[in-house]
1. Could you list, in sequence order, all residues of region B:288-322 that are part of a loop (DSSP other than H, G, I, E, B) and under 28 Å from the mean Cα position of the chain (by Cα)?
2. Do you know which residues across region A:142-153 are open to solvent by 70 Å² or more (accessible area, probe 1.4 Å) and more than 9 Å from chain C (Cβ to nearest Cβ)?
3. If the Cβ limit is 6 Å and pairs must be 6+ apart or interchain, which residue in region A:100-121 that is more than 7 Å from chain C (Cβ to nearest Cβ) and modelled with pLDDT under 90 pairs with which residue that is part of a helix (DSSP H, G or I) and open to solvent by less than 30 Å² (accessible area, probe 1.4 Å)?
4. Mind checking whether some residue in region A:161-175 is open to solvent by 10 Å² or more (accessible area, probe 1.4 Å), assigned by TED's automatic domain parsing to the domain that holds A:Ala124 and over 24 Å from C:Leu10 (Cβ atoms)?
5. Of everything in region C:1-34, what is open to solvent by less than 10 Å² (accessible area, probe 1.4 Å) and either under 12 Å from C:Trp47 (Cα atoms) or not in a helix (DSSP H, G or I) (or both)? Give them in sequence order.
6. Output the number of the condition that C:Arg95 fails; it satisfies all remaining conditions of (1) part of a loop (DSSP other than H, G, I, E, B); (2) open to solvent by less than 70 Å² (accessible area, probe 1.4 Å); (3) over 30 Å from A:Leu140 (Cα atoms).
7. Output yes when any residue across region B:7-26 is out of contact with any His (no Cβ under 6 Å at 6 or more places or on another chain), crowded, with 22+ Cβ neighbours inside 10 Å and in a loop (DSSP other than H, G, I, E, B), and no when none is.
8. Within region B:248-287, restricting attention to residues that are β-branched (Val, Ile, Thr) and part of a loop (DSSP other than H, G, I, E, B), which residue is farthest from B:Val227 (Cα to Cα)?
Amino acid sequence: MREGGSRGEALAGWLLTAPAALAFLLLLLAPTLAAIALAFSDYELGQWPPAWIGLDNFRELWMDRGFRTSFVNTLVYVGIVAPVSVLGGLGLALLIEGAARGRTFFRAVFFLPVVSLTVAMAAAWQYLLHPTIGPVNAALRLLGITGPAWLSSSDTVLLSLAAIGVWEGVGFNMVLFMAGLTAIPRELREAALVDGAQRGWDRFRLVTWPLLGPTTLFVVTISLVRSVRVFDTVAVLTRGGPNKASEVLLYTMYTEGFTFLRLGYSAAITLVFLAIVLALMLLQTRVLDRRVHYG
Amino acid sequence: MGPVNGLELHGIGKAFGQTQVLHEVDLAVRPGEFVALLGPSGCGKSTLMRIVAGIETADRGTVRIGGADVTRAHAATRNVAMVFQNYALYPHLTAAQNIAVPLAMRRLSAWQRAPLLGALLPGTRAVRRTMMEDVARVAEPLGLTPLLARKPAQLSGGQRQRVALARAVVRDPSVFLLDEPLSNLDAALRSTTRREIVEIHRRTGAATLYVTHDQAEALTMADRVAVMLAGRILQCGTPREVYEQPADLRVARFLGDPAINLLEAEAGEDGAVRLEGRATGLMTRQRGPLTLGIRPEALEAAPEGWPATVTAREYLGEAQLLHARIGAQPVILRVPPGLAEAPQMHLRFDPRDALLFGADGMRLPAAEALHA
Amino acid sequence: MASGLRLLLLAALGLLFMAPYIWMVSASLKATDELFRAPMALLPEGWAAITNYGRVLREVPVALYLWNGLVMCGGILFFQLLFAIPAGYALAKLRFVGREWVFGAVMLGLLVPAHVPALPLYVALSGSGWLNTYAALIVPSTISVFAIFLFRQFFRSLPQDLIHAARLDGMGEAAIVWRVALPNAWPAATAFAIFSVVAHWNDLFWPLIATTGHARATPALGVLYFRTEEAGDDFGALMAACTIMTAPLVLAFLLAQRRFVEGISTTGLKG
């Protein structure tokens with residue numbers, strides 16, 4: 001476009017991107033490649049040089065009962081948290097959107113867990129769910145029910161963690177859905193009214209749900225990726241216990257890598273984790289994206 | 001006129017918070033009649049239309065359709081069709097599916113409309129088939145037949161407009177509402193669509209209420225024009241009535257482009273109306289200062305009359321506008337394009353084309369504005 | 001749905017969501033024996049606030065944790081903006097060879113969670129003896145591809161004429177970045193700042209790896225340590241510690257609610 005300035009412009013472009021590019025190479029690209037390389041080695045901290053062992057780490061993962069439990073637990077956790085927090089977020093957004101008053105107030109209430117210190121709130125939940133002195137079981141006792149030991153029984157621990165995960169994430173989804181709802185043209189809802197969509201459900205099916213499509217897809221992907229990354233609550237509350245009933249991918253990776261210092265093995269778990277995240281992103285962009293955009 | 005079926009509005013009032021947007025509005029549209037609701041933006045005309053559609057509820061007054069009181073009835077039960085300013089087509093549905101929505105909502109039960117399951121229920125297929133026949137029937141005269149499989153994003157503005165029209169008429173509404181339907185079209189499409197809308201109106205025979213801020217649309221299309229300003233209908237009459245016999249100064253000022261000339265005049269003790277000291281030939285029972293209204297096309301250059309100074313000319317092709325002064329009062333007149341240029345000229349007008357307004361702004365009725 | 005019913009439902013759900021906060025604060029005011037005796041009571045019989053909060057303040061370097069959190073979040077944000085704003089500007093407004101490659105790298109980087117490079121970074125930091133320093137907390141997060149992406153999108157909508165005018169006024173590209181582009185990018189910058197601070201203040205994963213002991217512990221680590229080392233079954237004191245550590249961000253949120261919600265929903269991509 002500007003003939004004279006193009007050389008200077010290119011120079012400026014390189015200079016301005018150079019710090020970011022350098023940081024990117026050193027702090028993101030190189031370590032990520034190193035992590036991929038580590039996954040094919042038997043590296044343990046302090047043992048140099050590591051040996052290349054090909055797919056041995058992955059073979060071991062496949063046989064490792066602890067890892068399998070961790071993998072299945074993560075799937076179960078994601079399987080609960082993602083759908084519940086997506087539907088819950090949508091429900092809350094619709095409820096608040098139609099409320100006559102108190103929209104800002106309720107939005108703040110449900111969003112508060114998103115900005116709260118997860119570790120501290122996990123501790124608060126631990127107190128709430130304490131088998132003997134926790135208010136939850138105390139309330140159940142009033143109803144004549146003996147509550148379970150929520151976080152220390154292998155039957156309920158994953159469910160309890162999932163409940164905390166939903167509590168933490170639903171407000172985030174709600175805010176995204178509220179933004180999506182305000183983007184729906186008012187005229188379309190009015191057209192649905194005039195066209196004879198008498199009940200709220202008819203209007204939801206005819207206008208709200210189809211027009212929320214892109215938002216929903218985004219929220220679903222985000223919720224899946226966020227819940228695959230569950231770590232804080234496990235690290236604070238259960239440390240994977242009891243008896244590995246709450247082992248999840250990132251926590252297993254953490255203990256293998258930073259407690260047992262088996263970095264190669266830990267890197268292999270990281271790759272499994274990365275593969276899951278990438279698969280979810282691919283699902284969004286390649287498969288579902290086409291079905292929710294009209295235009 | 002007796003009890004008209006069709007649309008009847010009586011004493012409609014509506015406030016948003018502290019702002020009263022509609023004051024005691026009365027309006028009737030007979031079946032088969034085309035009424036334009038004309039007013040500047042923000043005058044409350046769209047609110048009135050939305051009250052008729054059932055999108056808003058009135059604070060006061062009644063809405064009757066086909067003789068039945070529907071003031072509190074749900075929009076879905078009113079059999080009112082509406083064309084929205086931005087068409088409001090469902091972006092995820094094809095043109096055919098858009099047009100079929102009002103039929104599906106009425107003819108299919110909630111279960112039959114359900115995804116997957118609905119198709120399995122008895123009767124769904126047959127109903128859907130007749131629905132598609134109806135869609136084809138309304139699409140054909142609008143030239144939409146080859147476009148029925150497209151989604152709104154693949155249609156031009158004019159095509160979307162016609163899909164919106166088809167969706168509105170497909171169910172034979174008893175009231176047909178149009179909210180500024182031409183405002184998003186370019187000038188060429190506007191005049192063809194204007195004719196199409198009038199044609200559709202004639203075919204359906206519904207009571208049609210057409211909201212617009214464009215007086216040319218209102219005057220050319222409507223049987224009657226209701227002029228609305230600041231939440232009140234000031235006058236409702238045939239296009240000629242509202243243009244030639246405006247009820248008051250505000251209506252006179254709002255209609256006409258360029259706007260009517262309003263001149264300060266004086267009625268003497270004898271009732272003769274004088275402009276700049278010269279008799280106009282008009283007589284009135286009022287005394288004292290008055291406003292004299294003369295349309296630009298009613299003023300003409302003449303060998304004698306009011307001396308005027310020309311200050312500017314605008315050439316329009318088929319005519320020209322002269323900006324001039326009579327004394328200190330500015331006037332605009334529309335004259336043939338060939339009129340010779342001269343800085344000084346004399347102006348006259350036929351007293352029968354002049355309008356007189358009292359100090360309160362109301363037009364002095366014909367009986368009082370006697371012609372000498 | 002009747003609006004009364006709707007409000008009632010919202011109020012009930014809201015109370016459910018507030019329950020952890022309510023019980024946390026309530027427990028932080030109660031004496032230990034009371035916690036065991038009457039778990040359901042909301043208001044304490046004997047006010048033990050001074051005992052509980054006193055114990056936390058006496059035994060835990062609260063101020064140090066908060067300071068560490070502040071230094072970490074501030075440092076991370078400073079470098080993230082320092083790297084991302086010029087890069088975002090260059091990607092949006094300048095034409096240079098390799099621009100597509102850089103942008104491709106950004107898009108690729110968006111797909112990789114921060115947990116993936118953590119292992120090698122840990123090895124490198126431990127090799128250079130940097131563990132347990134502010135640098136260890138800050139450096140790995142200084143590059144945010146998401147920030148680059150966000151600023152690029154934002155700068156693209158900046159009128160080209162504005163930049164031409166600045167060039168005609170004799171400004172160099174670096175001056176344009178900081179004196180023309182940045183002042184116009186405040187909405188994006190605030191949104192990203194809120195997102196970044198919330199994310200790193202609450203993060204446990206990396207601080208847990210990069211530090212040991214109290215000297216460089218962040219608020220998240222502080223709560224974790226207090227819970228495992230000190231509190232035991234003294235829930236009153238633990239809840240007091242949680243209340244103190246949760247308060248800063250929650251108060252900031254309540255003061256600037258709209259900005260927080262906008263910031264986190266517009267930058268939700270990486271959240």
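The values are calculated or read from the model by the stated rules, or taken from the named source; none is laboratory data. These numbers come from a predicted model, not from an experiment. Positions of Cβ are backbone-derived with ideal geometry, glycine not excepted, and every protein chain shown enters the neighbour counts. Keep in mind that these areas ignore ligands, DNA and RNA; they rest on the heavy atoms of the full protein, side chains included. Shrake-Rupley method; radii C 1.70, N 1.55, O 1.52, S 1.80 Å.
1. As a first pass, look at region B:288-322 and keep what is part of a loop (DSSP other than H, G, I, E, B): B:295, B:303-305, B:316-319.
Scanning region B:288-322 gives B:Arg295, B:Leu316, B:Gly317, B:Glu318, B:Ala319.
2. A:Leu143, A:Ile145, A:Thr146, A:Ser152 - these are the residues of region A:142-153 that are open to solvent by 70 Å² or more (accessible area, probe 1.4 Å) and more than 9 Å from chain C (Cβ to nearest Cβ).
3. The qualifying pairs are A:Arg103/A:Ile96.
4. Checking region A:161-175: not a single residue is open to solvent by 10 Å² or more (accessible area, probe 1.4 Å), assigned by TED's automatic domain parsing to the domain that holds A:Ala124 and over 24 Å from C:Leu10 (Cβ atoms).
5. Of everything in region C:1-34, those that are open to solvent by less than 10 Å² (accessible area, probe 1.4 Å) and either under 12 Å from C:Trp47 (Cα atoms) or not in a helix (DSSP H, G or I) (or both) turn out to be C:Ser26, C:Ala27, C:Ser28, C:Lys30, C:Glu34.
6. It is condition (2) that C:Arg95 fails.
7. No: zero hits.
8. Going through region B:248-287, the residues β-branched (Val, Ile, Thr) turn out to be B:251, B:260, B:273, B:280, B:284.
Add one more test, that the residue is part of a loop (DSSP other than H, G, I, E, B), and what stays is B:260, B:284.
Values: B:Ile260: 16, B:Thr284: 27 Å.
Restricting to residues being β-branched (Val, Ile, Thr) and part of a loop (DSSP other than H, G, I, E, B), the top hit is B:Thr284.
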